[in-house]
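Just below is one structure, and these are the notes that go with it.
Here, each number is a calculation from the coordinates, and none is a lab measurement. None of these values were measured; they are calculated from a predicted model. All Cβ positions, even for glycine, are placed from backbone atoms using ideal geometry, and neighbour counts span all protein chains on display.
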Amino acid sequence: MAEYGGNILLDQGFKNVWQDGKIVGFQVRVLISYYRGVPFSLIGGYDIEVDGELFTSDQVNFSVDGVNFYTLEELGPKIDEVWEYGVKAYLRVNKIGGLKRGLHDVKVVSRVDVPYMGPVPITTYQSRKMTVV
C-alpha cells in the first residue's frame, strides 16, 4: 500500500471527546483522499492506529459536520449525501478514557471506492506525530 496524496491527516482537531463529564473517545480530522467529492456510500472505511493500537473501520465513526456521526455500515445507503473535496471530516473512535495527554504516533488509512477504478478501493495512508493537550 503506497502513500497517496500525503495530506489527509490534519494536525487540528486531534483530541479527546467528552460526554457527560467523561472522556469517551478521541477524534482526528481528515481530508478526502480523492481529487473530488464522493457520495458517503463510496467511503470504504478508515483504520486508525495510535501508538501501535489499531482501531478498524468497524470502530471508527465518520462525520462531515461534527454532529451527525455514521458507522461504515450506515454510510452505505447514503447515496445522496456527498463529502466534498476540501471539506474537513471527523473520524471518531469510542475508547473509554481516550488518549493520554502528550505526543502520539498516529496513522490513518483511508479507503474510497471509485466506480471507474474497478472493485479495488483507492487506499491512502498518512502517519505523523500528533499531540493531545
May I ask you to derive the relative contact order of the chain, considering only C-alpha pairs under 8 Å and at least 6 residues apart, and to give it as an integer percent?
-> 33
Restricting to lysines and to Cα separations under 17 Å from residue 95, and discarding same-chain partners fewer than 8 apart, the set is 15, 22, 107
If you stretched the chain out fully between residue 53 and residue 133, how much longer would it get, using 0.36 nm times the residue separation minus the C-alpha to C-alpha distance?
-> 26.9 nm
At a Cα cut-off below 25 Å, give the lysines reachable from residue 78, other chains included and same-chain residues fewer than 8 away excluded.
-> 88
Extreme residue, positive dipole direction of the chain, given options 76, 93, 21 (C-beta unit charges) = 21
Take every Cα-Cα distance within the chain, group them into 5 Å bins from 0 onward, and report for each bin the whole-number percent of pairs it holds.
-> 2, 11, 21, 26, 20, 12, 6, 2, 1, 0
